[in-house]
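We did not get these values from a lab; they are worked out from the coordinates using the rules stated. If you're wondering where the values come from, they're calculated on a predicted model, not measured in any experiment. Cβ atoms come from the backbone with ideal geometry, glycine included; neighbour counts cover every protein chain shown.
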Amino acid sequence: MSATITPPPKKVNRIGLEVLSYKGSKTTLCAGCGHNSISERVVECFYELGVEPWKVAKFSGIGCSSKSPAYFLGQSHGFNSVHGRMPSVATGAILANRNLLGLGVTGDGDTASIGIGQFMHMVRRNVPLIYIIEDNGVYGLTKGQFSATADVGSTQKSGAPNELPPFDCCALALKWGATFVARSFSGDKKQLQTLLKAAIAHQGLSVIDVVSPCVTFNDHDGSTKSYSYVKDHEETLHELDFVPFYQDISVEIPEGEVRDIELHDGSHLRIRKLDRDFDPTNRLSALAALEEAESNGEVLTGVLYVNTSRPTLLDVLNLVDEPLATLPESRIRPPSAVLDEVMEELR
Amino acid sequence: MSTLEVSPHESSSGQPREPVINDFSIQIATVNGSGSQTANSVLLRALFQMGIPVCGKNMFPSNIAGLPTWFTIRASKDGYMSRRKEVDFLVAMNAETAREDVMKLDSGAAVVYDEPLRLKELRSDLHFYPVPFDKLVAPVCPEAKLRKLVRNMIYDGVVAWLLSLEMPEVRNALVKQFGKRKAKAAELNWGAAQAGYDWAAHTLTKTDPYVAERMNATAGKIIIDGNSACALGAMFAGVTVVTWYPITPSSSLVESLIGYLKRFRHDPETGKATYAVVQAEDELASVGMALSAGWAGARAMTSTSGPGISLMSEFIGLGYYAELPAVIFDVERVGPSTGLPTRTAQGDILNNALLSHGDTRHPMFFPSSPRECFSMVGDAFDLAEWFQTPVFVMTDLDLGMNNWMTDPFPYPEKPIQRGKVLTAQDLDNLGGFARYQDVDGDGIGYRTLPGTNHTAAAYFTRGSGHNEKAQYTEREDDYVNNMDRLAHKFETMRKHVPPPVVDLHDGASIGFVAVGSSDYAVRESADQLRNEYDIQTSYLRLRAYPFTEELKDFIRRHERVYVVEQNRDGQLLGLMRLEFEAELIAKLRSVRYYGGMPLDARTVTDEVVRQEGQ
């Protein structure tokens, strides 16, 4: 006689998938790398929200950060492309199939140096895409050279200081038209989760700059992108809560303290005020807050800006509702009468 | 209708002349930006409508206004479409170049010129027709600021009288040129053309021998530039994503395409577009977008010229290795770097064949006429998707931007080919797939598109080493296997690219090989060699790379094969040298021209004769 053991029911999300369906291959990044934490947040968020993995397309450029799409969402197509050119790769794929949920992962070298041009033009076009910058201030894969987001005075492992001012990718994104701009810290699990979920619900370009310390080349005293520096200097703008579209939101909102922003899919981003007044729908005040934080040596985290009204590139192009990639021949090859008409004009 | 009787005449050089009918070239020298394009097109069209084979070539500077520009029209009863070096009939409207233009003419040529330029005193062996343009334009164009444009139409009238063009055809050409919406402008210009014609009829005495006479060699033909033909080819190939960055001489390809797409590719019910066009920030972005659009299943293309190709190099290497379909138009111009941006060349052949770092090979299509541009573009899109790789369509400034008389385009017969794409249903049946596995023995793997609703659909695309299952690897055997499969795929392609057009002549011991716009000069040169030197030649016109067996056979059966191309170093020949055995290479000879003008037959003939030792 053998006892029948009933296995405990498997935990699944609202579309019946286990968390395993959202995992990728084993990471090859260093133990303790901030990027691994971000990958974990991606797995959690897509799982918890019940996003169909096959609807997601992952994009990256080149660098440590850009390897990470292999480490999450193994059931989503992925494209690890060319250094600094991920914005164009993501743009092309989304043009081909507007139903894809695009998720781009890049680094500070990939975006702020070699890719700054493509980054800016992607921002300008408001390409519907989640664009995560895993920002550690150094080139990890080539062993620790400064990137263009390293702060003035921040030192390399050898002690050599950075002498040129940094690009603030959030400020650039704000200035030129991104419609969801946020900064976070790889060590801040709850905030990063909420931001990611809001970005998934947002229709338009979401730029999330995540300070993600490089444990091997930039986690020492003197670095302004180390775990300890960010913990000591993080200035949190507000407390965030995300209510997905499929959840009841009848809970009363206390007036004056919580701001509710409805996102495109009907989800809500709830922003609870901390000690300062900050309006995340005011681009200029967001820019001013970033300036101020920079001069105080602070890392300002939270939602810097949300704009739910600016049209995306797909709206501007007035594309048909179906993916261009799978339109049938009858809709992409005009009939012979059209050729006849054109030939007649040329006679 | 006026027909002018031209009898043999004592010319100013004292030589009696027989009329030269439908065999001359007209050169109109103007200043860039003076609006002469309309007048030149009207002359071209009027000849065309009289049934006379014509081609028009615009030699323009890299400048918007103020520098010299030359438009040449060749009328040829024999249908020769290549550039003729000799100018028979000069219209000198540019004070800056007029003297040099006149001094370059062969004895016996005719010159219509603006009277104040006083060109007549330069030479005594030409036929001069001074025209007081300013005096003539004032009465027909009361608005002073339009006179600069309208005076061009006066030379049309004068030339029409001198060459016996039929004025009703000039009028038809004008109406066609301006379209219905600009009827008023057409009338104003028609008035000017008539004024020129009437003045010439009353004032001039024709002394040159050049005459246009109605014939019937253009019926059913169309006039179009190669860029517009490529654009039409792309629209009927079902292009869905177009990304580009402006560059001469390729800009007008996409601009023309945008015009056609706006007219014919919007959903009739919703008004929405079945295509996306994005003007990118540079060529790096435009090719990145095109390749990833192809990755995601679009019929994707970009268009550029040499400098843009250089910028695309890294991405196209990725396209080869990650196996991404896209069509890349290269409208070649003179390089390197900016080179001569408004002059023509075939200078990207070797570069594109092997573009990017590492071991890469890319297919190239070489259309030689607008009609072939149209049909080959469809083939290029199909090949890109079948073979999952970037495909180059190689034209040049001469083919792309100049006006060509060509047969109308046939509607594509073949359904659009989308290649080996697995659907969710296929995956259910198969239980899964390995992206880079050679299932069919042709080197081509199966792919899925992102967005395919199946747990086994996804794979990871990367430029880094990968195995059959698209997994990251640095193993040498995986890398070598994959590279060998890619090489095998390229071999398979030889049987699927457009074969060459072969014209064999009995007893010919020498042959020509050429691509693209060189075709016209080569065919005319073959006639010159036969008629003037009694040299018979065969001809193989290559239409694609990778080379096919026909090319080797052609070389084998001839003693010497002249590879004609428009670059300094013999790039096409160099490409053959990379692949062919020594005894074939030993038979190859090189005819090269790289001065930036469209290739002419005489240059080819003279070089062949020199090398043949005659």
task: Would you please put A:77-84, B:291-298, B:250-257, A:187-194 in order of how densely packed they are, using the mean number of other Cβ atoms within 10 angstrom per residue and starting with the highest?
output: B:291-298, A:77-84, B:250-257, A:187-194
- prompt: With a sphere of radius 15 Å drawn around the Cβ of A:THR194, what net charge do the other residues whose Cβ falls strictly inside it have (Lys, Arg +1; Asp, Glu -1)?
  reply: +1
task: Determine which lysines satisfy two conditions relative to B:LYS182: a Cα distance under 22 Å, and not lying fewer than 8 residues away in the same chain.
output: B:LYS145, B:LYS148, B:LYS262
- request: Report, to the nearest 10°, how far helix B:167-178 tilts away from the longest principal axis of the Cα atoms in chain B, using its own Cα long axis and a range of 0 to 90°.
  value: 40
Using alpha-carbon coordinates, inclination of helix B:183-203 to the longest axis of chain B, degrees: 40
- prompt: On a 0 to 90 degree scale, rounded to 10, what angle separates helix B:476-493 from the longest Cα axis of chain B?
  reply: 40
- request: Please give, to one decimal in nm, the separation of the simple spin-label points placed at B:LYS495 and A:GLU18, each 7 Å out from Cα toward the Cβ.
  value: 4.6
message: Taking just the alpha-carbon atoms of segment B:33-109, what radius of gyration and Dmax come out, in angstrom?
response: 13.2, 36
message: How shielded is A:306-318 by partner chains, expressed as the average number of their Cβ atoms within 10 Å of its Cβ atoms?
response: 1
- prompt: Taking chain A as a Gaussian network, where each spring joins two C-alpha atoms under 10 Å apart, which residue of A:LEU95, A:LEU172, A:LEU317 fluctuates the most?
  reply: A:LEU317
- line: Mean-square fluctuation maximum in Gaussian network of chain A, Cα pairs under 10 Å, restricted to A:ASN13, A:ASN318, A:ASN162, hits A:ASN318
field: Stokes-Einstein diffusion coefficient of the protein assembly as shown, Kirkwood radius over Cα pairs, 10 °C, 1.306 mPa s, in µm²/s
entry: 51
message: Debye calculation, C-alpha points only, no solvent: report log10 I(q)/I(0) for segment B:9-211 at q = 0.08 Å⁻¹, in the same order as the q values.
response: -0.24
message: Given the DSSP H assignment, sum -39500 (n - 2.57) over each helix run of at least 4 residues in chain A and divide by its residue total; what's the result at 222 nm in deg cm²/dmol, nearest 500?
response: -8500 deg cm²/dmol
query: What translational D, rounded to a whole number of µm²/s, comes out for segment B:187-304 from Stokes-Einstein when the hydrodynamic radius is the Kirkwood one over Cα pairs, at 4 °C and 1.567 mPa s?
result: 72
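At 222 nm, what helix-only mean residue ellipticity would chain B give, in deg cm²/dmol to the nearest 500, using -39500 (n - 2.57) for each DSSP H run of four or more?
Details: 20 runs with 236 residues, N = 614.
Theoretical 222 nm ellipticity from helices: -12000 deg cm²/dmol.
In square nanometres and to one decimal, what's the mean projected area of the convex hull around the Cα atoms of chain B? Don't jump to the answer; show the numbers that get you there.
On the way: hull surface 124.0 nm².
The directionally averaged projection comes out at 31.0 nm².
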task: Rounded to the nearest Å, what's the spacing between the alpha carbon centres of segment B:591-614 and segment B:162-203? Just the number, please.
output: 39
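I'm a student and want to see the number: the projected area of the Cα convex hull of segment B:424-481, averaged over all directions, in nm². Before the final figure, lay out the partial values.
Details: hull surface 17.3 nm².
Averaged projected area of segment B:424-481's Cα convex hull equals 4.3 nm².
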Kirkwood hydrodynamic radius (C-alpha pairs) into Stokes-Einstein, segment A:233-347, 37 °C and 0.692 mPa s, D in µm²/s: 175
- request: Among the listed pairs A:LYS58/A:LYS189; A:LYS11/A:LYS58; A:LYS10/A:LYS67; A:LYS67/A:LYS143; A:LYS55/B:LYS414, give every one whose C-alpha distance is greater than 23 Å.
  value: A:LYS11/A:LYS58; A:LYS10/A:LYS67; A:LYS55/B:LYS414
task: Go through A:TYR305, B:PRO390, B:ALA521 and say which Cα lies farthest out towards the positive end of the charge dipole of the protein assembly as shown; charges sit on Cβ, +1 for Lys and Arg, -1 for Asp and Glu.
output: B:ALA521
Peptide-level mean, for B:234-246, of C-beta atoms on other protein chains within 10 Å: 4
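Can you tell me which of B:214-221, B:474-481 comes out highest on packing, and rank the rest after it, using the mean Cβ neighbours within 10 Å? Before the final figure, lay out the partial values.
Working: B:214-221: 13.6, B:474-481: 11.6.
Per-residue Cβ counts within 10 Å, averaged per peptide and sorted highest first, yield B:214-221, B:474-481.
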- prompt: With springs only between Cα atoms under 10 Å, which of A:THR106, A:THR142, A:THR216 fluctuates most in a Gaussian network model of chain A?
  reply: A:THR142
- prompt: Cα-Cα pairs above 30 Å in segment B:224-406: how many percent?
  reply: 10
field: Inter-chain shielding of B:411-421 (mean C-beta neighbours from other protein chains, 10 Å cut-off)
entry: 2
- line: In terms of the charge dipole of chain A, which places +1 on Lys and Arg and -1 on Asp and Glu at the beta carbon, the residue among A:SER295, A:PRO161, A:VAL215 farthest towards the positive end is A:VAL215
task: Would you mind listing how long chain A runs along its three principal axes, going by Cα atoms, in whole Å with the largest first?
output: 77, 74, 48
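Peptides B:494-503, B:600-609: what's the order by average Cβ count within 10 Å, highest mean first? Display every interim value, and only then the final one.
Numbers: B:494-503: 16.5, B:600-609: 19.8.
The most tightly packed comes first, giving B:600-609, B:494-503.
Can you tell me, using C-alpha contacts under 8 Å and at least 6 residues apart, the relative contact order of segment A:19-325 as a whole percent?
Working: 672 pairs, mean separation 54.4, N = 307.
Relative contact order for segment A:19-325 comes out at 18 percent.
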Distance (nanometres) between label positions extended 7 Å along Cα→Cβ at B:ARG118 and A:GLU344: 5.6
- request: Going by C-beta contacts inside 10 Å, put B:VAL158, B:VAL277, B:VAL140, B:VAL439 in order with the fewest on the left.
  value: B:VAL439, B:VAL277, B:VAL140, B:VAL158
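Only Cα pairs under 8 Å and at least 6 apart count here; give the relative contact order of chain B as a rounded whole percent. Provide the component values of the computation, followed by the final result.
Values: 1308 pairs, mean separation 71.8, N = 614.
Averaging sequence separation for qualifying contacts and normalising by length gives 12 percent for chain B.
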message: What does DSSP give for segment B:224-406 in terms of the percent of beta bridges that are antiparallel, rounded to the nearest 5?
response: 20
query: Which loop GluC sites (Glu not before Pro) in segment A:13-102, with loop taken from DSSP, have no more than 15 other Cβ atoms within 10 angstrom of their Cβ?
result: A:GLU18
query: Given segment B:324-479 reduced to its alpha-carbon atoms as identical point scatterers, what log10 I(q)/I(0) does the Debye formula return at q = 0.21 Å⁻¹?
result: -1.33
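Expressed in whole Å with the largest first, what are the equivalent ellipsoid semi-axes of segment B:478-614 derived from the C-alpha gyration tensor as the square root of 5 times each eigenvalue?
Working: eigenvalues 173, 50, 36 Å².
With the √(5λ) rule applied to segment B:478-614, the semi-axes are 29, 16, 13 Å.
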